[in-house]
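Let me begin by presenting the structure, written as structure tokens, before commenting on it.
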Amino acid sequence: MSRASLCFSPVDQCAVDRSSSLGVLTVADFECPLCIRLFYEPVTTPCGHAFCKACVERSLDHTHRCPLCKQPLQEFFKNRKYSPTVLLQEIVMRLFPQQLAERTQVHDAELAELSNLTKDIPIFVCTVAYPGIPCPLHVFEPRYRLMMRRCMDTGTKMFGMCTYDFADYGCMLEILDLDLLPDGRSYVDTVGGRRFRVIRRGQRDGYHTADIEYLEDHKTDGAELEMLQHLHDSVYQQAREWYVRLNSHVREQIGRQYGAMPDREDDIQASTNGPAWCWWLLSVLQLDPAYQTTVLSLTSLRERLGHLRIVLEYFSQS
Ligand SMILES: [Zn+2]
Ligand SMILES: [Zn+2]
């Protein structure tokens, strides 16, 4: 008897058969073998195994083989066409709507946690980054691949950068462009944002995290501001003279990496990070990372200019 003729039965035998056979299925039949939770955005690999999209992506950060049957998944990985397995999604939706709602809630809560930009923020431990200064990165370690993917998935497109010894101070980096290569590495164009102080260090899925507080320059006024402006103008002049004295080849090199020296700003207290040229100069001079971090941590423009003056005197003499 054909399936269609079954469905014409007066008591709708087809529906009875369907419900009795589906009744055998339990929620455990729809668990991802990697996270042992109900499938969330399930995708199917060419070898026929299904996983949550995020779970299989994490597995592929480490090895290009199916986590279950070990079949090679290079092509699957290279194309990155992780289309959702619609049938699986629909079955879960129809049979376990309550559990799916709970799973979605957990997923949303996890996403909100990953989007927090003061608590447990992802920290890339590598170099000193400065406000407004480009910081190009070559990402190849699995833990940082995961970090970059999360930054993009949550939409924050931001993470913290601290020196290789995970110093107490760092700078937020905003992702401007992410060029994902077929083998999983990526070139990430970032630019520095707000500075921060690390309050508490942590870990998440192999990468560093931190609770942070943002740093802002203290503002002054009256006679103090007048003195600050005077100091600023004189150090800016000093920097300018050092810059124009460089040979054109070095200036070109600097320009390619950091851009030209920023102009003097009308209001030296307009930005919470102070004038942009100070950060540009600190990047260009390529000082010791510990010293760079010290200057990064200062919330007094007067003190920052004091450091720059000494450094410029040293560089001008040498
Ligand atoms: Zn999973
Ligand atoms: Zn497989």
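The values are calculated or read from the model by the stated rules, or taken from the named source; none is laboratory data. These numbers come from a predicted model, not from an experiment. Glycine also receives a Cβ, built like all others from the backbone with ideal geometry; neighbour counts cover every protein chain displayed. Just the protein is used for accessible areas: all its heavy atoms, side chains included, with ligands, DNA and RNA removed. Shrake-Rupley method; radii C 1.70, N 1.55, O 1.52, S 1.80 Å.
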For this session: Pop a pseudo-label 7 angstrom from the Cα along the beta-carbon direction at both MET93 and ARG197 and give the gap in nm to one decimal.
Result: 5.0
Seminar exercise, completed: Taking the chain, the lysine pairs whose C-alpha atoms sit under 26 Å apart (8 or more places apart or on different chains) add up to 10
Seminar exercise, completed: Packing-ranked peptide list from 114-125, 76-87, 180-191, highest mean Cβ count within 10 angstrom first, is 114-125, 180-191, 76-87
Problem set entry | Rg/Rg_globular for segment 222-317, with Rg_globular taken as 2.2 N^0.38 Å and Rg from C-alpha atoms | 1.06
Exercise. For segment 155-233, what value does the Rg/Rh ratio take when both radii are computed over Cα atoms and Rh is the Kirkwood radius, given to two decimals?
Worked result: 1.14
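With both bridge residues required to lie in the chain, what share of the DSSP beta bridges run antiparallel, to the nearest 5%? Mind showing how you got there, number by number?
Working: 36 of 41 bridges.
Given both bridge residues lie in the chain, the antiparallel proportion sits at roughly 90 percent.
Given 0.36 nm per residue, what is the gain on full extension from GLU75 to GLU110 after removing their alpha carbon distance, in nm? Mind showing how you got there, number by number?
Working: separation 35, 0.36 × 35 = 12.60 nm, distance 2.99 nm.
Extending this stretch completely gives an extra 9.6 nm.
Going by average Cβ neighbours within 10 Å, how do the peptides 51-60, 25-34, 231-240 rank, with the highest at the top? Mind showing how you got there, number by number?
Details: 51-60: 21.5, 25-34: 13.9, 231-240: 17.6.
Result, highest mean Cβ count within 10 Å first: 51-60, 231-240, 25-34.
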Exercise. If amide H atoms are built 1.01 Å from N in the plane of the peptide, which residues on other chains or at least 5 residues away come under 5 Å of the amide H of THR190?
Worked result: CYS135, LEU137, LEU176
Exercise. Which stretch or stretches of segment 242-282 have amide N atoms under 18 Å from the point lying 7 Å from LYS219's Cα along the Cα→Cβ direction?
Worked result: 265-276
Exercise. Across bins of 20 angstrom width beginning at 0, how are the C-alpha pair distances of the chain distributed, in whole percent?
Worked result: 26, 42, 22, 9, 2
For this session: In whole angstrom, note down how far apart the Cα centers of segment 111-174 and segment 248-318 are.
Result: 22
Problem set entry | Backbone N within segment 256-294 under 18 Å of label point (7 Å from GLN237 Cα along the Cβ vector) | 263-266, 268, 278
Problem set entry | 3J(HN,Hα) from dihedral phi, segment 88-101, Karplus parametrisation 6.51/-1.76/1.60, rounded to Hz, x for glycine, proline | 4, 4, 5, 4, 4, 4, 7, 8, 10, x, 5, 5, 5, 4
For this session: Extending each Cα 7 Å along its Cβ direction at ARG256 and GLU226, get the distance between those two points in nm, one decimal.
Result: 4.8
For this session: Obtain the nm distance between the two label points defined at HIS249 and ASP168 by a simple spin-label model: each point lies 7 Å from its Cα along the Cα-to-C-beta direction.
Result: 4.3
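Calculate for the chain the 222 nm mean residue ellipticity that helices alone would give, adding -39,500 (n - 2.57) per DSSP H run of length 4 or more and normalising by residue count, nearest 500 deg cm²/dmol. Display every interim value, and only then the final one.
Working: 12 runs with 143 residues, N = 318.
Counting only the DSSP helices, I get -14000 deg cm²/dmol.
On average over all directions, what projected area in square nanometres does segment 31-96 have, based on the convex hull of its Cα atoms?
Dividing the Cα hull surface by four gives the mean projection, 4.0 nm².
Please calculate how many Å² of accessible area the chain carries per residue, with a 1.4 Å probe and no DNA, RNA or ligand atoms counted. Walk me through the numbers before you get to the answer.
Working: 17450 Å² over 318 residues.
In whole numbers, the chain has 55 Å² accessible per residue.
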Exercise. Karplus couplings for segment 303-318 from phi (6.51 cos²θ - 1.76 cosθ + 1.60, θ = phi - 60°), rounded to Hz, Gly and Pro as x?
Worked result: 5, 4, 5, x, 5, 4, 4, 5, 4, 5, 4, 4, 5, 5, 6, 7
Seminar exercise, completed: In degrees rounded to 10, the 0-90 angle between helix 13-22 Cα long axis and the longest Cα principal axis of the chain is 50
Exercise. What's the carbon and sulfur percent of segment 34-137's accessible surface, probe 1.4 angstrom, rounded to a whole number?
Worked result: 56
